[in-house]
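All of the numbers you see were taken from the coordinates with simple rules; none came from a lab. All values derive from a computational prediction rather than experimental measurement. Glycine gets a Cβ as well: all are built from the backbone with ideal geometry, and neighbour counts include every protein chain shown.
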Amino acid sequence: MCNGRLIFKMTIKDQHYINLILNGDSRAFAVLVNRYKDLVYTLSLRMLKNREEAEEVAQDTFIKVYKSLSRFKGDSKFSTWIYKVAYNTCLDRIKKNKKYINDVAIDEFTAHEVKTIDNALSKLETEEHNQAIKKCITQLPSDDAFILTLYYFEEQSLDEISQVVGLTPNNVKVKLFRSRKKLATIIKAQLEPEIIEHYGKARQ
């Protein structure tokens, strides 16, 4: 309940600054940039796998947001709208550079093994595990890394992610499942086996 109130208050604050900007106070945009710049950069880095390009795309994202702010109708969270602009800007950059990231091979995992990975992502118990899993996510193909970041670390709903990436909520759900399987392949190969075993035994 507290989180819901916090999100609601954040949305109200966003709209307050949006109104100021639309009424001619361009300085108010700095507040929105400071609020979302870190995550926009992180999402861009997940997609592009290059720090300089991620920085450029993050800047381009906020330029686009500023220029098109009058088109934000408030029918979704402002954060969701920004993530969508960032996602599309990343796609444009990937197409421009003709970068195609090789896909990660998907091993055959049982339903229980995939659920174990899900538990590990949903119940991160230490900062060390948190950072280790984030590092594994960076090795995923662009779309997978982007969606998993929104779902697990920004707690975006299926509906909100569907608005960002232009897929139906059901397609997002399927894509999330496949992304977790890819991540499971990376985690199983790189993280210490006892980490996975710990999450599996603790929540069977």
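May I ask you to compute the full-extension gain from Glu154 to Lys73, defined as 0.36 nm times their residue separation minus their alpha-carbon distance, rounded to one decimal in nm? Let's see the in-between values first.
On the way: separation 81, 0.36 × 81 = 29.16 nm, distance 2.20 nm.
Answer, rounded to one decimal: 27.0 nm.
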Charge dipole (debye, nearest 20) of the range 23-99; +1 at Cβ of Lys and Arg, -1 at Cβ of Asp and Glu: 280
If you keep only loop residues by DSSP, which GluC sites (Glu not before Pro) in the range 134-163 have at most 16 other Cβ atoms within 10 Å of their Cβ? Glu154, Glu155
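By how many nm would the segment from Ser26 to Arg51 lengthen if fully extended, with 0.36 nm per residue of separation less the alpha-carbon distance? Working shown, then result.
Working: separation 25, 0.36 × 25 = 9.00 nm, distance 2.79 nm.
Full extension of this stretch gives 6.2 nm more.
Rank by packing, highest mean first: peptides 48-57, 65-74, 141-150, with packing defined as the count of other Cβ atoms within 10 Å averaged across residues.
Ranking, from highest mean packing down: 141-150, 48-57, 65-74.
Do any of Lys13/Lys95; Lys49/Lys181; Lys67/Lys182; Lys37/Lys175 go past 31 Å between their Cα atoms, and which? Provide the component values of the computation, followed by the final result.
Values: Lys13/Lys95 35 Å; Lys49/Lys181 20 Å; Lys67/Lys182 37 Å; Lys37/Lys175 26 Å.
Exceeds cut-off: Lys13/Lys95; Lys67/Lys182.
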